[in-house]
Amino acid sequence: MKPVCLFLNKMPKLKRRLLLTVLLLLAVSSASWLAIFLLHSSEEQGSPSNLGRLSASPPTPHITLPVDSGPYHNWQLFAADFEDMIQSFKIYVYPTNSASSSFASSASIFLPHPNPFDPILGNYFSEHMFKLSLLSSSLITTNPEKAHLFFLPFSVNLLRNDPRVHSEPSIADFVARYTTSISQDLPFWNASLGSDHFYACCHSVCREASSKHFGLRNNAIQLTCSSSYFQRFYVTHKDVALPQVWPRPPQHALNPPHARDKLVYFAGRIQNSNIRQQLVDLWGNDTYMDIFPSQPSYPYEEGFRRSKYCLHVKGYEVNTARVSDAIHYGCIPVIISNHYELPFANVLDWSKFSVIVNNGDVALLKRTLLSITRRKYMSMYHNLCKVRRHFVWHETPKGYDSFYMTAYQLWLKRSSLRLSS
């Protein structure tokens with residue numbers, strides 16, 4: 001204290017008074033804050049609601065972990081919108097007598113196939129099953145004023161097999177005349193210029209079917225198995241990829257991964273595909289890869305059961321039923337088909353249950369597949385089991401089957417813009 005007193009005595013009188021005043025103010029301020037703090041603490045301690053809080057540990061902040069959507073981009077978002085579709089979506093199917101009398105003799109072209117499970121239909125099974133499922137579904141409305149979309153029920157497959165039509169130019173003429181008659185007899189086509197109308201087909205001549213009607217080609221939704229965004233008459237943002245499915249017997253118990261002793265399986269014609277020929281040249285004699293330029297020596301389906309990976313390779317078109325066959329039998333699809341818009345790609349994350357290989361990387365195929373770890377393979381296998389239900393057709397649609405998954409794609413294409421009729 002003595003040194004402090006000597007220091008203050010040596011200071012000028014005015015400065016000494018100012019310093020003492022500042023120190024006094026600081027002391028008073030500190031005492032006030034201390035009193036307020038002690039009073040507040042005593043109130044908290046005396047409050048019954050805070051007695052437990054004093055001894056409890058600090059609360060853990062809530063952390064929202066991402067939900068594992070498995071093979072889906074976002075299962076929760078999709079499921080909610082899907083349910084909205086089931087409750088709200090309505091489709092009007094033009095009756096066979098809605099067109100002019102010139103089509104009366106071709107009524108069978110517009111009706112469901114009497115036996116869609118006939119094996120002879122093969123690649124066109126999905127085309128016929130979509131129509132049959134639609135007519136059996138709850139999405140149908142008989143009041144066109146309530147419809148979101150309008151279905152043109154002609155069958156390109158049946159037209160192709162009708163000797164009166166058959167050829168591609170004749171099919172295009174028939175479809176153009178039918179669409180024109182619809183637009184003249186009823187007001188609904190003209191209300192949207194056909195943008196809320198759609199048709200379904202799986203035949204390879206499907207693209208040409210709409211070629212002679214401007215509105216059908218450019219405005220209507222094409223629901224097709226040949227969903228190649230490299231080909232003309234298929235517009236990705238307008239059209240919908242239809243899964244190509246063959247009628248296969250149910251597989252309730254899949255061959256487990258440990259029982260699959262072959263790395264790769266493929267069997268098919270090579271005449272219409274340079275890539276298929278390249279596969280045969282590279283690995284046709286590889287004992288670990290079953291690649292056949294025609295039918296294998298054992299039943300075709302057995303190759304899917306005994307293999308880990310099954311190839312879908314572009315032929316004349318980007319699509320074949322090998323993708324759905326692989327999924328059906330529990331074999332991971334390997335898709336070698338550039339420009340193929342895969343079915344339900346905005347819902348399903350195909351990278352979670354399939355392998356996509358560029359056409360130019362065929363020579364690296366075996367190395368690519370062998371580099372996949374067992375953990376990754378098992379994850380893809382389990383995800384594949386989850387998506388199998390989406391590649392099955394039922395006469396009366398149910399759940400998340402091929403029909404309702406396809407209907408969901410159409411639901412996303414609906415538009416509220418429509419001219420007054």
For the stretch 212-243 versus the stretch 318-396, the gap between their alpha-carbon centres in whole angstrom: 23
Those trypsin sites (Lys or Arg not before Pro) in the stretch 147-225 that DSSP places in a loop and that have at most 11 other beta carbons within 10 Å: ARG164
Once the Cα gyration tensor of the stretch 231-360 is diagonalised, semi-axes √(5λ) in Å: 24, 19, 13
Efficiency of FRET between GLN184 and ARG248 - r from beta-carbon atoms, R0 56 angstrom, step 0.05: 0.85
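Taking R0 as 60 Å, what FRET efficiency do you get between VAL280 and ARG177 from their Cβ-Cβ distance, rounded to the nearest 0.05? Show your work: numbers first, answer last.
Working: r = 45 Å, r/R0 = 0.75.
The computed FRET efficiency comes out at 0.85.
Could you grab the Rg to Rh ratio for the stretch 176-281? Cα atoms only, Kirkwood for Rh.
On the way: Rg = 20.0 Å, Rh = 17.3 Å.
Rounded to two decimals, Rg over Rh is 1.16.
Can you tally the net charge around GLN409? Count Lys and Arg as +1, Asp and Glu as -1, for every other residue whose Cβ sits under 15 Å from the Cβ of GLN409.
-3
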Inter-probe distance in nm under a simple model that places probes 7 Å from Cα toward Cβ, at TYR316 and ASN359: 1.7
Two-decimal Rg to Rh for the stretch 289-403 - Kirkwood Rh, Cα set: 0.95
Computed label-point distance, nm, for sites ILE86 and ARG389 using a 7 Å Cα→Cβ extension: 1.0
Charge sum, other residues only, whose C-beta stays under 13 Å from TRP393's C-beta, Lys/Arg counted +1 and Asp/Glu -1: +2
Cross-link pairs beyond the 32 Å C-alpha cut-off, checked among LYS146/LYS398; LYS238/LYS262; LYS131/LYS352: LYS238/LYS262
Integer Hz, Karplus 6.51/-1.76/1.60 couplings in order for the stretch 310-326, x for Gly and Pro: 10, 8, 10, 10, 3, x, 5, 10, 6, 9, 8, 7, 5, 5, 5, 5, 4
Separation of the ARG367 and ASN74 label points, Cα + 7 Å toward Cβ, nm: 3.8
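How much FRET efficiency would the formula 1/(1 + (r/R0)^6) give for THR142 and HIS237, where r is the Cβ-Cβ distance and R0 is 35 Å, rounded to 0.05?
About 0.70, to the nearest 0.05.
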Residue list for the stretch 196-214, given a label point 7 angstrom along the Cα-to-Cβ vector of THR96 and an amide N cut-off under 18 Å: 200
With 5 Å bins from 0: P(r) over the stretch 241-293, alpha-carbon pairs, percent: 4, 15, 18, 14, 21, 17, 9, 1
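Any read-out appearing in this document is the output of simple, stated calculations on the displayed coordinates, not a laboratory observation. Here the structure is a predicted model, which means the values were calculated and not measured. Heads up, the Cβs are rebuilt from the backbone with ideal geometry, glycines too, and the neighbour counts pull from every protein chain shown.
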